[in-house]
Amino acid sequence: MDIQKIRADFPILQTTVNGKPLVYFDNAASSQKPWKVIKAIEHYYTHLNSNVHRGVHTLSQQATGAFEESRRKIAAFINAAHDYEVIYTRGTTESINLVAHSYGKQFVHEGDEIIISSLEHHSNIVPWQMLCEEKKATLKVIPINEKGELLMDAFNAMLNEKVKLVAVNYISNSLGTINPVKEIIAAAHAFDIPVMLDAAQAVQHIPIDVQELDADFLAFSGHKMYGPTGIGILYGKEKWLNAMPPYQGGGEMIKTVSFEKTTYNDLPFKFEAGTPNIEASVCLGAAIDYINETGLENIRQYEHELLQYATEKLAEVEGIRFIGTADNKASVVSFVIGNIHPYDVGVILDKLGIAVRTGHHCTQPLMDIFAIPGTVRASFAFYNTKEEIDILVAAVKRAAAMLS
Ligand code: PMP
């Protein structure tokens with residue numbers, strides 16, 4: 001991969017912050033956007049803007065065409081068996097809430113169990129807690145070891161006929177752990193339990209094939225994969241989506257409405273009430289084109305090199321403690337230094353033009369397990385370089401010296 005050419009595709013990487021060239025290592029929170037996506041947004045509003053699935057007029061038909069073409073690209077990207085198994089949402093959070101509400105309403109009852117893991121983002125904890133409270137069901141949590149890896153024996157022992165769903169992330173946003181999701185799905189399926197994968201941190205890093213994994217649901221966000229904000233995807237197997245009631249009522253999701261009775265639309269429209277985020281849906285397709293042109297396998301390999309380099313170089317920092325040292329990791333490095341508060345490190349790094357995330361990363365229960373308030377997290381994308389990591393390491397050493 002020609003990294004300098006790739007960097008030229010992302011205009012914001014040329015920005016300076018506090019008088020220093022921007023070093024953007026907050027990719028797990030949100031990624032930057034290439035010209036291809038930025039221009040697609042301009043193109044949409046310049047040439048296509050119109051509501052979808054409604055008008056007989058040409059512009060509406062063209063907008064609908066682009067909207068559905070993007071759905072086809074997304075389906076192909078994750079190898080869904082059918083385009084209509086791809087539902088547009090606002091983001092991973094809404095995708096998970098959709099399943100919690102709709103699947104939960106139909107299939108979860110008093111005394112049932114839902115399994116999540118210790119590594120989950122709040123958006124894959126709270127909707128299940130709310131559901132369990134409403135249904136008088138129990139939330140079970142897969143424990144982890146000190147490296148931040150799921151304890152698979154414990155997970156296997158948790159499976160029984162009361163469990164109605166397993167919902168786990170593919171890659172941990174806080175630690176970078178890549179979970180053995182294929183093994184999890186196979187074990188759950190042996191008990192006829194469906195599995196939902198939170199792939200918010202996975203789709204941009206590793207190739208995903210939902211059919212090969214046999215995943216029942218998969219959720220992700222456009223803004224973390226070089227696309228626009230306000231758009232997300234819920235993939236669901238046809239058999240589950242057909243068996244689930246609608247999430248929200250309104251336009252688009254109906255076939256016929258009378259005051260006495262409403263009949264619902266077919267998939268995917270049954271789950272897409274109201275005017276969708278048309279621009280972001282269309283431009284997510286442009287982000288996928290960009291990823292495909294670069295090649296996810298190339299991206300995976302290069303980001304792994306960045307991870308190894310950063311881990312090796314940061315280990316030189318006196319007093320550093322890595323949080324999350326799983327054998328199988330994505331390009332996320334989380335750490336604390338002695339008793340220094342992560343926030344203080346983040347402030348100094350920001351002064352030096354380096355964007356990292358500090359805090360609990362929406363995984364408070366996970367921070368509690370490690371008995372820390374939070375971490376400094378540097379998360380890398382394929383437009384980052386080893387030179388930028390050198391800048392980070394020098395800055396972390398400086399921050400540690402100032403704050404110790
Ligand atoms: N799950 C994981 C693992 C995440 O990293 C995030 C975003 N930090 C989310 C869910 C929520 O995504 P969004 O805010 O885009 O809905």
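The values are calculated or read from the model by the stated rules, or taken from the named source; none is laboratory data. These numbers were taken from a predicted model, which means no experiment stands behind them. Here the Cβ is made from the backbone with ideal geometry for all residues, glycine too, and neighbour counts use every protein chain on show.
The criterion of at least 3 residues that are away from the ligand (no atom under 16 Å from the Cβ) and touching a residue at least 12 places away in the same chain (Cβ under 8 Å) is met by the following strands (runs of 3 or more DSSP E) wholly inside the range 326-389: 332-337. Determine which member of the set Ala219, Ala215, Ala190 is more than 16 Å from the ligand (Cβ to nearest atom), at pLDDT 95 or above and over 15 Å from Ala330 (Cβ atoms). None of the other options fit; the residue is Ala190. Give the number of residues within the range 4-23 that are charged (D, E, K, R) and part of a strand (DSSP E or B). Result for the range 4-23: 1. In this structure, does Ser50 turn out to be small (Gly, Ala, Ser), within 24 Å of Ala280 (Cα to Cα) and either more than 16 Å from the ligand (Cβ to nearest atom) or over 20 Å from the mean Cα position of the chain (by Cα) (or both)? Answer is yes for this residue. Among the residues of the range 1-20, those that are out of contact with any helix residue (DSSP H, G or I) (no Cβ under 6 Å at 6 or more places or on another chain) and among the aliphatic types (A, V, I, L, M) comprise Ile3, Ile6, Ala8, Ile12, Val17.
Please find, within the range 222-231, the residue that is surrounded by the most Cβ atoms within 10 Å (Cβ to Cβ) out of those that are within 13 Å of the ligand (Cβ to nearest atom) and not polar (S, T, N, Q).
So the first thing to find is which residues in the range 222-231 are within 13 Å of the ligand (Cβ to nearest atom), and the list is 222-225, 227-231.
Restricting the remaining residues to those that are not polar (S, T, N, Q) gives 222-225, 227-228, 230-231.
Numbers: Gly222: 32, His223: 21, Lys224: 26, Met225: 24, Gly227: 30, Pro228: 23, Gly230: 17, Ile231: 26.
It comes out as Gly222.
Scan the range 83-90 and tell me whether some residue there is within 13 Å of the ligand (Cβ to nearest atom), in the same structural domain as Asp216 (by TED's automatic domain parsing) and under 20 Å from Gly274 (Cβ atoms). So far as the range 83-90 goes, yes, one or more of its residues are within 13 Å of the ligand (Cβ to nearest atom), in the same structural domain as Asp216 (by TED's automatic domain parsing) and under 20 Å from Gly274 (Cβ atoms).
Which of the residues belonging to the range 123-148 are out of contact with any Pro (no Cβ under 9 Å at 6 or more places or on another chain) and assigned to a loop (DSSP other than H, G, I, E, B)? Matches in the range 123-148: Lys136, Ala137, Pro143, Asn145, Glu146, Lys147, Gly148.
To keep it simple, each residue is scored yes or no on (1) under 15 Å from Ala219 (Cα atoms); (2) buried (at least 23 other Cβ atoms within 10 Å of the Cβ); (3) touching a Leu at 6+ places or on another chain (Cβ under 6 Å).
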| residue | (1), (2), (3) |
| --- | --- |
| Asp153 | no, no, no |
| Lys162 | no, no, no |
| Val168 | yes, yes, no |
| Ile193 | no, no, no |
| Ala199 | yes, yes, yes |
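In the range 36-51, the residues that are in the same structural domain as Tyr226 (by TED's automatic domain parsing) form Cβ pairs under 6 Å with partners that are acidic (Asp, Glu) and in a helix (DSSP H, G or I), at six or more places apart or across chains, as follows: Tyr44/Glu279.
Here Leu197, Leu234, Leu175 are screened, and the one residue that is within 16 Å of the ligand (Cβ to nearest atom) and under 24 Å from Val52 (Cβ atoms) is Leu234. With the structure loaded, tell me whether Glu120 is within 22 Å of the chain's Cα centre (by Cα) and in a loop (DSSP other than H, G, I, E, B) or whether it fails that test. Yes.
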